[in-house]
Each structure stands twice: as C-alpha cells, then as structure tokens.
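The numbers here are math on the coordinates, done by the rules we state, and not lab data. None of the values given here were measured: they were computed from a predicted structure. Don't worry about glycine lacking a Cβ; one is built from the backbone with ideal geometry, like all the others, and counts go over all protein chains shown.
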C-alpha cells in the first residue's frame with residue numbers, strides 16, 4: 001500500500017502540465033495576439049500571415065500530444081481558449097481594422113457575428129466530441145473560417161486593393177464565414193485518411209507540385225483553397241441528403257441523424273481495427 005507521501009507525490013505529478021503540446025498551443029496563441037497588434041499598427045499582411053502560422057501550431061499541438069501520449073483535459077481546454085483568440089478574435093479584428101471600420105455599426109456587427117459563430121462552433125464541437133461522425137465536421141471549422149477572413153485581408157494587402165472599394169464584400173464574407181461555423185453543413189475532416197499508409201510515388205510528386213503552386217502566390221492560392229472548402233460543405237450536404245430539411249442547415253439535428261452518425265463512427269472504428277489487424281498480420 002502506498003503511504004501518504006507517495007500518494008501526494010503522485011498527485012503532484014498528475015497536476016503537472018505537459019510542456020511540449022502546451023508550448024505549441026502558446027505559440028499559436030502568441031501568433032493570434034501578434035496578428036491583432038499588427039493590424040492595429042497597419043501591418044495587415046503580417047497580421048494575416050500570423051493567423052496562418054497560428055493554424056500550423058494548432059494543427060501540431062494535438063498531433064504531438066497524441067504521438068507523445070501527453071493528452072490532458074487541461075491541454076484540451078487551453079487549446080479551445082487559444083483557438084477563440086487566434087481564430088475568433090484575431091481574424092475579426094484584423095478584418096475590422098482593414099475593411100470594416102468604415103461601415104460603422106454594420107462593420108463591428110459583422111465582426112461580432114464571426115466571433116460569436118466561432119465561440120459557438122468550439123462549444124458545440126467540444127460537447128459533441130464523443131458522438132459525432134469523425135469523418136465529417138458539423139459546420140465549418142473555426143481555423144478554416146479564420147483562413148477565409150484573414151486570407152481575404154492578405155490578398156487585399158498583397159495586391160494593394162483599396163479596402164473602401166470592397167468593404168461590403170468583406171462584410172458579407174465575414175458574416176457568411178461566421179454563419180457557416182454554426183450551420184449543420186457537413187465538411188470532410190480528412191481524419192479517415194491513414195497518413196501512415198503507403199502511397200504511390202506519383203502522390204509525392206503531386207505534394208511537391210502543390211507546395212510549388214502555393215509558394216508562387218501564397219495569399220491568393222490559400223484563400224482560394226479555403227474558400228472552395230467552405231463552399232464544399234453545402235454541396236456535400238445537398239448531394240448526400242435526399243430530402244433537405246431545416247435541421248440539415250441549422251438547428252439541432254434529430255435523433256435519427258445522431259444514431260446514424262454513431263453507427264457510422266462505430267463502423268469506421270471497426271474498419272480501422274480490421275485494417276490495423278491486417279497490417280499487423282502482414
């Protein structure tokens with residue numbers, strides 16, 4: 001039986017914070033905060049790039065935590081709070097300072113709709129984490145919405161577009177991104193892709209080509225990619241659902257859809273287990 005001293009030492013260790021994944025989360029939070037400060041100083045291109053850098057850190061922290069077995073409830077909560085700053089507040093304020101401030105009330109309301117949509121998207125994602133179909137996101141993910149808004153600012157700054165000429169387009173884009181986050185449109189999550197599986201040699205060449213294309217005009221290419229991804233949600237939903245209802249667009253999903261998502265998740269898990277067992281046998 002462990003004595004009280006050993007129990008207290010074990011409790012102290014359990015209360016500790018894993019350094020590496022939370023360090024990456026902090027780096028993403030810093031990038032989002034830097035984007036806000038940069039936009040206040042008129043450095044809009046740097047602000048937009050900082051948000052994309054925050055996306056890289058956001059994609060790394062969770063994967064590093066799973067790879068190093070350092071997942072924790074603290075890390076999950078910290079990641080959500082960092083996301084609302086880096087992908088909620090930062091893109092909204094960058095867009096507001098660049099192209100929405102001249103619209104008066106409409107401008108800051110559009111920015112607020114984006115922030116509120118991002119907060120609601122994160123809250124819904126966290127509460128549905130164990131029951132939703134992992135192959136699809138319910139609504140546009142907040143990093144993708146942030147990429148659309150900040151990408152638009154990046155393109156405008158890169159090509160020296162006068163914000164007053166596109167202020168209403170900026171407002172519509174910001175509101176649309178905020179509403180897509182709280183919609184029920186289905187977006188492919190790419191979580192069913194086995195990144196450890198073997199691929200043909202041509203796939204590596206295509207990846208290299210993709211990097212080259214992005215490097216030629218990163219602002220325009222990245223903005224176009226995430227804009228097309230945002231459009232793919234409604235298209236995927238309308239193609240896969242036979243009879244469109246209000247619940248497929250916005251609101252609470254019915255029980256049948258929840259049960260179907262759970263069954264799909266179970267089938268996906270069974271297929272992954274069979275594939276893992278087959279690879280082990282091979």
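How many nm is it between the label spots at residue 160 and residue 63, if each spot is 7 Å from the Cα in line with the beta carbon?
If labels sit at residue 160 and residue 63, their model points lie 3.8 nm apart.
Starting from the 7 Å offset along Cα-to-Cβ, what nm value, one decimal, do you get for the label separation of residue 106 and residue 77?
Result for the modelled spin labels: 4.2 nm.
Starting from the Cα-Cα distance between residue 250 and residue 135, subtract it from 0.36 nm times their residue separation and give me the gain in nm to one decimal. Each step should come with its number before you reach the end.
On the way: separation 115, 0.36 × 115 = 41.40 nm, distance 1.93 nm.
That works out to 39.5 nm of additional length.
If each residue of separation counts as 0.36 nm, what is the full-extension length gain between residue 196 and residue 211 once their alpha-carbon separation is subtracted?
On the way: separation 15, 0.36 × 15 = 5.40 nm, distance 2.02 nm.
Length difference between fully extended and current span is 3.4 nm.
At a 10 angstrom cut-off on C-beta neighbours, averaged per residue, how do the peptides 208-221, 45-58, 18-31 rank from highest to lowest?
Working: 208-221: 12.6, 45-58: 22.6, 18-31: 19.2.
Highest-to-lowest ranking by the protection proxy: 45-58, 18-31, 208-221.
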